[in-house]
Amino acid sequence: MAHRKPLQSACKTFEEDLVLYYYGETGDDERRRVNQHLAECISCQGFVEDLRRLLPQIAKSAQMPPSFWDEYYRETVAKLAQQEARKHWWRALFAPRQIWMVPAFGTVAVAILVVGLLFGKGNLNSFMHRTSERIPQEILADENQLQFFESMDLLESLGTLEKQDDHNADSTNTQSSRVRQQHAVA
Amino acid sequence: MVDLQELRDEELASLCQQGEGHYFEILVRRYMQKAFHIAFNFTRDPETAKDLSQDAFLRAFANIKQFDGRSSFYTWFYRIVVNLCLDHARRHNRVTWESLDGMSEQSGEQKQLADSTSAPEQEAIAGEAKRRADQTLEAMPNKQRTAFLLRNHQGLSIADIAKVMKTTEGTVRVYLHRAVAALRQSLMEFV
């Protein structure tokens, strides 16, 4: 096969520079140095020539028809939209076009609260009553308040005693007047 | 009136960051072929390349706020594509090179390789050389292959490849040289 020939070997010290030279990745100084060397070295000239023949061929990739790219673009945009929809699903609930749902949610929330109070706690009055009953218990936990309520009890007791005393006094007076009346009759 | 197609990548990305997500569609149209071809170079399978490159667009869009403009948009985006391809290669371990033989695109490539002469013998040699080159690329370490594909197939500069691979330009040069040396060695008898 006459067209086939082995790849050229390059000078070892220049090989890396020649690869970069082929890709246009050498600086000005390097390029001058490589050019000077290439002018004198047939092996390195052959090496660069081989790269020029070989590497562009390897780079060739699949050529897809225009319809493929149309479909690709359409699919990608659809996937992006789906991703956005999944990410912001909760925003959709409160989107401006559904603003009417806010008072509706509020009404439902109030209704649930009322039903909960009525049926969950027996009824609203008993709940409120229990709430008011709990207050003295909490206050009694305070030592000063305890003393206060004890003194209140005492005062109530004193009041009872005074009433009893008044009642006793009344009954004594009644008995005395009866005795006096009996004596007067006698 | 500003022509949207004339907006720079970074301007479009900035608009997306401000909530104008529909501008991302211009970036999709601008980069879909490059993204697909990078993925195809890694996977050699058009369906997988399509899925991977589309996934790269989805990830780029989902993370657009992380693009800080310190690098160019395409460097940032190429990095996403390459990472997905490398991750795919790691998970699947082996590229389905065998399926290449039955692909219509592949036979088209072989024809392109042999277009200069169109002789049957040339065509066969070009096909075999292409297959050998693909096998050599498959056997390469990922970093060498990435550097080579981004330079040789995508035309990125060494400076940009260094940014995509988050390494130094010197390291990229070494990867590139080793990749070319390996390809040259494997194709010694074909060219």
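The values are calculated or read from the model by the stated rules, or taken from the named source; none is laboratory data. Given the structure is predicted, the values throughout are model-derived calculations rather than measurements. Ideal geometry is used to build each Cβ from the backbone, glycine not excepted, and the neighbour counts take in all protein chains shown.
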Report, by residue number, each residue of region B:133-153 that is hydroxyl-bearing (Ser, Thr, Tyr) and within 13 Å of B:Leu86 (Cα to Cα). B:Thr146
Kindly check whether there is at least one residue in region B:43-66 that is away from chain A (no Cβ under 11 Å) and part of a loop (DSSP other than H, G, I, E, B). yes
Residues being in a helix (DSSP H, G or I) and either surrounded by 15 or more Cβ atoms within 10 Å (Cβ to Cβ) or touching a residue at least 40 places away in the same chain (Cβ under 8 Å) (or both): count how many of those fall in region B:158-168. 7
Condition first: hydrophobic (A, V, I, L, M, F, W, C) and touching a residue at least 40 places away in the same chain (Cβ under 8 Å). Now tell me which residues in region B:25-79 satisfy that. B:Leu27, B:Ala35, B:Ile38, B:Ala39, B:Phe42, B:Phe61, B:Ile64, B:Phe67, B:Phe73, B:Phe77
For residues that are more than 10 Å from every other protein chain (Cβ to nearest Cβ) and under 17 Å from A:Val48 (Cα atoms), tally how many sit in region B:142-185. 1
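So that you can scan it fast, the table gives a plain yes or no per residue for (1) in the same structural domain as B:Ala39 (by TED's automatic domain parsing); (2) in a helix (DSSP H, G or I); (3) surrounded by fewer than 15 Cβ atoms within 10 Å (Cβ to Cβ); (4) modelled with pLDDT of 85 or more:
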site	(1), (2), (3), (4)
B:Gly108	no, yes, yes, no
B:Thr171	no, yes, no, yes
B:Tyr175	no, yes, no, yes
B:Gln185	no, yes, yes, yes
Selected residue (criterion: nearest to the chain's Cα centre (by Cα)) from residues of region A:60-103 that are among the hydrophobic types (A, V, I, L, M, F, W, C), assigned to a helix (DSSP H, G or I) and modelled with pLDDT of 75 or more: A:Ala85
In this structure, does B:Arg145 turn out to be farther than 13 Å from B:Arg178 by Cβ, at pLDDT 85 or above and among the charged types (D, E, K, R)? no
Going by what's in this entry, would B:Ala181 be described as under 16 Å from B:Thr75 (Cα atoms) and either in contact with a Cys (Cβ under 8 Å, 6 or more places away or on another chain) or assigned to a helix (DSSP H, G or I) (or both)? no
Of the residues in region B:160-171, those that are more than 16 Å from the chain's Cα centre (by Cα) and under 18 Å from B:Ile38 (Cα atoms) number 1
Restricting attention to region B:7-40, which residues are away from every other protein chain (no Cβ under 11 Å) and of a type in the set (Ser, Thr, Tyr)? B:Ser14, B:Tyr23
Only one of (1) surrounded by 10 or more Cβ atoms within 10 Å (Cβ to Cβ); (2) at pLDDT 90 or above fails for A:Ile42. Which number is that? (1)
So for region B:40-51 (the condition being under 19 Å from B:Thr146 (Cα atoms) and touching an Asp or Glu at 6+ places or on another chain (Cβ under 6 Å)), does at least one residue qualify? no
